[in-house]
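J.: Have a look at this one before I ask anything.
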Amino acid sequence: QVQLVESGGGLVQPGGSLRLSCAASGSGFSIGTMGWYRQAPGRQREFVTTITSSGKINYTDSVKGRFTISRDNAKNAVYLQMNSLKPEDTGVYSCYARSRFFDHWGQGTQVTVSS
């Protein structure tokens, strides 16, 4: 069983920065792709970014140049540095991890961008 625990959300003004962290715990698993999704109020969950175990990265267009994903394979952890935040970045950010046969999700952390 894989558990993902996120931290780092909060309230920030437009133009500000936040850093999200997610750590995977459990036993007997090997984590492949990790990443972040988000869900804004009244909208479906959407892809934000992923990173493979070898470091290949994808971003959704709206965050390119502002968000940076990274990971520490030794810690089974993934991070999301979010800069130049906009009100439309507001939502619940959920950590994602793929083990050999399953998708795993964290409980989510709220990010609110507002003045």
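Yes/no per residue for (1) on the phi > 0 side of the Ramachandran plot; (2) surrounded by 14 or more Cβ atoms within 10 Å (Cβ to Cβ); (3) in contact with a strand residue (DSSP E or B) (Cβ under 6 Å, 6 or more places away or on another chain); (4) at pLDDT 95 or above:
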{"position": "2", "(1), (2), (3), (4)": "no, yes, yes, no"}
{"position": "13", "(1), (2), (3), (4)": "no, no, no, yes"}
{"position": "24", "(1), (2), (3), (4)": "no, yes, yes, no"}
{"position": "29", "(1), (2), (3), (4)": "no, yes, no, no"}
{"position": "37", "(1), (2), (3), (4)": "no, yes, yes, yes"}
{"position": "41", "(1), (2), (3), (4)": "no, no, no, no"}
{"position": "57", "(1), (2), (3), (4)": "no, no, yes, yes"}
{"position": "61", "(1), (2), (3), (4)": "no, no, no, yes"}
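J.: Quick one: which residue in 91, 65 is without any contact (Cβ under 8 Å) to a residue 60 or more places away in the chain, at positive phi and surrounded by fewer than 21 Cβ atoms within 10 Å (Cβ to Cβ)?
T.: Residue meeting the stated conditions: 65.
J.: Taking the condition of being of a type in the set (D, E, K, R) and closer than 20 Å to residue 8 by Cβ, how many residues in region 41-78 meet it?
T.: Of the residues in that region, 6 qualify.
J.: Evaluate the following for residue 70: is it open to solvent by less than 50 Å² (accessible area, probe 1.4 Å) and of a type outside the set (Lys, Arg)?
T.: The answer is yes for residue 70.
J.: Report yes if residue 76 is open to solvent by 10 Å² or more (accessible area, probe 1.4 Å), modelled with pLDDT of 95 or more, polar (S, T, N, Q) and over 19 Å from residue 112 (Cα atoms), otherwise no.
T.: For residue 76, the condition - open to solvent by 10 Å² or more (accessible area, probe 1.4 Å), modelled with pLDDT of 95 or more, polar (S, T, N, Q) and over 19 Å from residue 112 (Cα atoms) - is not met.
J.: Right, something else. Within region 30-50, is even one residue in contact with a Phe, Trp or Tyr (Cβ under 7 Å, 6 or more places away or on another chain) and farther than 30 Å from residue 115 by Cα?
T.: There is at least one residue in region 30-50 that is in contact with a Phe, Trp or Tyr (Cβ under 7 Å, 6 or more places away or on another chain) and farther than 30 Å from residue 115 by Cα.
J.: I would also like to ask the following. What are the residues in region 100-115 that are part of a loop (DSSP other than H, G, I, E, B), closer than 14 Å to residue 1 by Cβ and open to solvent by 90 Å² or more (accessible area, probe 1.4 Å), if any?
T.: Of everything in region 100-115, those that are part of a loop (DSSP other than H, G, I, E, B), closer than 14 Å to residue 1 by Cβ and open to solvent by 90 Å² or more (accessible area, probe 1.4 Å) turn out to be 100, 101, 102.
J.: Quick one: residue 53 ticks every box in (1) polar (S, T, N, Q); (2) touching a Ser or Thr at 6+ places or on another chain (Cβ under 9 Å); (3) open to solvent by 80 Å² or more (accessible area, probe 1.4 Å); (4) over 30 Å from residue 114 (Cβ atoms) except a single one, so which number is it?
T.: (3)
The values are calculated or read from the model by the stated rules, or taken from the named source; none is laboratory data. Here the structure is a predicted model, which means the values were calculated and not measured. Please note: Cβ atoms are built from the backbone with ideal geometry, for glycine as well, and neighbour counts cover all protein chains shown. The protein model used for the area step is the full one, side chains on, heavy atoms only, and it has no ligands, DNA or RNA in it. Shrake-Rupley method; radii C 1.70, N 1.55, O 1.52, S 1.80 Å.
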